[in-house]
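Written out below as structure tokens is the structure these notes cover.
Please treat every number below as a calculation from the coordinates, not as lab data. Nothing here was measured: the structure is a model prediction, and the numbers come from that model. A quick note on method: Cβ atoms are made from the backbone with ideal geometry, for glycine too, and the neighbour counts reach across all protein chains shown.
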Amino acid sequence: MAPLTESFVRKNPRIARTIVIKGEQSLQELHQVIFAAFDREEGHRYEFQVGGDGPDAPDCRRYGLASLTELDYAGDVPQTTINDLNLEKGEMFGYTFDFGDDWWHVLEVKAIRSKAPKGKYPQVTERVGQSPPQYADFD
């Protein structure tokens, strides 16, 4: 269970990050920017889920690090690009970080543009709410 206390949730009713990423960038790059955007400290396994109606939906397509599991992934995150997912504006998909704590994120496609302005991508363009601690403080 993720370490979200009642007090933290009261102070941060909405926690969100807006990320701009190019279609030719990989899911691994998306993972890295999410990791940084939420101020994570320690790496763990993760996967993306496309389709289905929620976490671990039986009909979703899963993308992860194929070298670390026996699961039959639809794609390996270093080689799978955002374009490969064939997402549409308004579509949502999932990202799970740390299979022990199950940090589940809902990702929504807000816009798709044919050309991106010059700059370094992916990038975080908006932060709403404080990042929750990766681990509970039991002191």
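Entry note, the chain: the mean residue ellipticity at 222 nm calculated from DSSP H runs of n ≥ 4, each adding -39500 (n - 2.57), is -3500 deg cm²/dmol after division by the residues and rounding to the nearest 500. Modelled this way, with points 7 Å down the Cα-to-C-beta line, the labels at Ala57 and Arg10 are 3.5 nm from one another. Tally Lys and Arg at +1 and Asp and Glu at -1 over the other residues with C-beta under 12 Å from the C-beta of Gly100: what net charge comes out? Spelling it out: positives minus negatives among the neighbours equals -3. If you run the Gaussian network model on the chain, springs between alpha carbon atoms under 10 Å, then out of Gly119, Gly51, Gly129 the most flexible one is Gly119.
Please list, by residue number, every one of the GluC sites (Glu not before Pro) in the range 42-139 that is coil in DSSP and has at most 11 other beta-carbon atoms within 10 Å.
Numbers: sites: Glu42, Glu47, Glu70, Glu88, Glu91, Glu108, Glu126; in loops: Glu42, Glu70, Glu88, Glu91.
Taking the range 42-139 and a limit of 11 other Cβ atoms within 10 Å, the loop GluC sites (Glu not before Pro) found are Glu42, Glu70, Glu88.
Determine the shape class of the chain: with a ≥ b ≥ c the square roots of the Cα gyration tensor eigenvalues, call it rounded for a/c under 1.5, and otherwise prolate if a/b is greater than b/c, oblate otherwise. It is oblate, given that a/c is not under 1.5 and a/b is not larger than b/c.
With the simple spin-label model, which puts each label point 7 Å out from Cα in the Cβ direction, the Thr69 to Thr125 separation comes to 3.0 nm. Student exercise: in the chain, how many lysine pairs 8 or more apart or on different chains have Cα atoms under 26 Å apart? Summing the qualifying lysine pairs gives 12.
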